[in-house]
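Colleague: Submitted below is the structure of interest, expressed as structure tokens.
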Amino acid sequence: MKNIVILISGRGSNMEAIVRRCAAEHWPAQVVAVISNRAGAAGLAFARERGIATAVVDHKAFASRDAFDEALAKAIEAFAPDVVALAGFMRILTPGFVQRFDGRLVNIHPSLLPLFPGLRTHARAIEAGCKVAGATAHFVTGDLDCGPIIAQAVVSVLPADTEVSLAARVLEQEHVLYPRAIRWLVEGALERRDRRVVHVGGESQLLGPR
């Protein structure tokens with residue numbers, strides 16, 4: 001049985017999707033902890049209600065990013081994680097932290113990477129005149145939003161779309177894509193070949209377009 005630790009900063013809707021799919025699909029894994037850098041993160045209550053351990057490592061309590069990341073890493077390692085999933089965790093992690101969890105640290109990003117790393121992804125896609133947008137599940141590396149891609153979901157950009165409407169449709173697909181990517185990881189179904197990530201059973205790593 002593999003252990004999954006999820007990091008959140010707010011509501012954690014992707015965290016909720018992972019917890020529900022893990023239980024419903026009987027993964028060979030369990031979500032053992034949800035950790036936040038904000039004590040008021042709404043997702044912590046969801047986890048507690050389901051008997052999942054929670055912890056808070058407040059970034060404001062530390063004088064440096066390195067000190068915060070060291071404390072966060074220790075909190076995570078207390079749960080012996082096989083997978084560490086970032087689910088709306090709004091902190092940029094140091095290279096040392098990322099290396100510590102190399103191969104186990106994954107993220108969901110609301111764009112079709114390598115397009116639009118960072119913030120305001122939906123607005124930037126609309127401003128650029130993109131006909132499609134989407135989400136990317138990827139391994140985390142020391143470079144922001146540049147890790148090897150596990151899977152992507154494609155969403156059509158409609159003529160009347162706003163940043164809000166596009167974000168809502170992309171988020172729906174994130175809730176499908178991210179649990180699927182994590183299930184593959186805990187099942188040992190992924191193989192990294194330099195920059196490429198391949199599903200060894202040949203399952204499609206692309207969802208959409210929607």
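The values are calculated or read from the model by the stated rules, or taken from the named source; none is laboratory data. Just so we're clear, the structure is a prediction, and the values are computed from it rather than from any experiment. All Cβ positions, even for glycine, are placed from backbone atoms using ideal geometry, and neighbour counts span all protein chains on display.
Colleague: Any residue at all in region 87-94 that's modelled with pLDDT of 95 or more, farther than 18 Å from Ile6 by Cα and part of a loop (DSSP other than H, G, I, E, B)?
Modeller: No: region 87-94 contains no residue that is modelled with pLDDT of 95 or more, farther than 18 Å from Ile6 by Cα and part of a loop (DSSP other than H, G, I, E, B).
Colleague: Could I ask something else about it? Can you tell me which of (1) touching a strand residue (DSSP E or B) at 6+ places or on another chain (Cβ under 7 Å); (2) part of a helix (DSSP H, G or I); (3) of a type in the set (Asp, Glu) is the one Asp145 doesn't meet?
Modeller: Asp145 satisfies all of (1) touching a strand residue (DSSP E or B) at 6+ places or on another chain (Cβ under 7 Å); (2) part of a helix (DSSP H, G or I); (3) of a type in the set (Asp, Glu) except (2).
Colleague: While we're on this one: When both residues are 6+ apart or on different chains and their Cβ atoms are under 9 Å apart, which pairs have a first residue that lies in region 72-86 and is within 18 Å of Met15 (Cα to Cα), and a second that is surrounded by fewer than 18 Cβ atoms within 10 Å (Cβ to Cβ) and among the polar types (S, T, N, Q)?
Modeller: As it stands, the answer is Phe79/Asn3; Pro81/Asn3; Asp82/Asn3; Val83/Asn3, since those pairs meet every condition given.
Colleague: Okay, next question. Condition check: farther than 27 Å from Ala29 by Cα and out of contact with any His (no Cβ under 8 Å at 6 or more places or on another chain). Does Arg192 satisfy that? If you could, list the steps in order and put the result at the bottom.
Modeller: Values: farther than 27 Å from Ala29 by Cα: no; out of contact with any His (no Cβ under 8 Å at 6 or more places or on another chain): yes.
Spelling it out, it is not the case that Arg192 is farther than 27 Å from Ala29 by Cα and out of contact with any His (no Cβ under 8 Å at 6 or more places or on another chain).
Colleague: Any residue at all in region 166-176 that's closer than 30 Å to Met1 by Cβ, of a type in the set (S, T, N, Q) and outside the structural domain of Ala17 (by TED's automatic domain parsing)? If you could, list the steps in order and put the result at the bottom.
Modeller: Going residue by residue through region 166-176, those that are closer than 30 Å to Met1 by Cβ are 171-176.
Now restrict to residues that are of a type in the set (S, T, N, Q): 173.
Filter once more, so that each one left must be outside the structural domain of Ala17 (by TED's automatic domain parsing): 173.
Looking for residues that are closer than 30 Å to Met1 by Cβ, of a type in the set (S, T, N, Q) and outside the structural domain of Ala17 (by TED's automatic domain parsing), one finds at least one in region 166-176, hence yes.
Colleague: Something else now. I'm told Ala23 meets every condition in (1) closer than 12 Å to Ala85 by Cβ; (2) part of a helix (DSSP H, G or I) except one. Can you identify the failing condition by its number?
Modeller: (1)
Colleague: Follow-up. Pairs only if they're at least six apart or on different chains, beta carbon under 8 angstrom, first in region 127-145 and assigned by TED's automatic domain parsing to the domain that holds Leu86 and under 23 Å from Pro179 (Cα atoms), second buried (at least 17 other Cβ atoms within 10 Å of the Cβ) and among the basic types (Lys, Arg); list them, first residue then second.
Modeller: The qualifying pairs do not exist here.
Colleague: Any idea which residue in region 154-179 is farthest from the chain's Cα centre (by Cα), counting only those that are more than 20 Å from Ala128 (Cα to Cα) and crowded, with 21+ Cβ neighbours inside 10 Å?
Modeller: Per the stated criteria, the residue is Gln173.
Colleague: So if I check each of Leu105, Leu113, which one is in contact (Cβ under 8 Å) with a residue 12 or more places away in the chain, buried (at least 16 other Cβ atoms within 10 Å of the Cβ), touching a Cys at 6+ places or on another chain (Cβ under 9 Å) and among the hydrophobic types (A, V, I, L, M, F, W, C)?
Modeller: Checking each option against the conditions leaves just Leu113.
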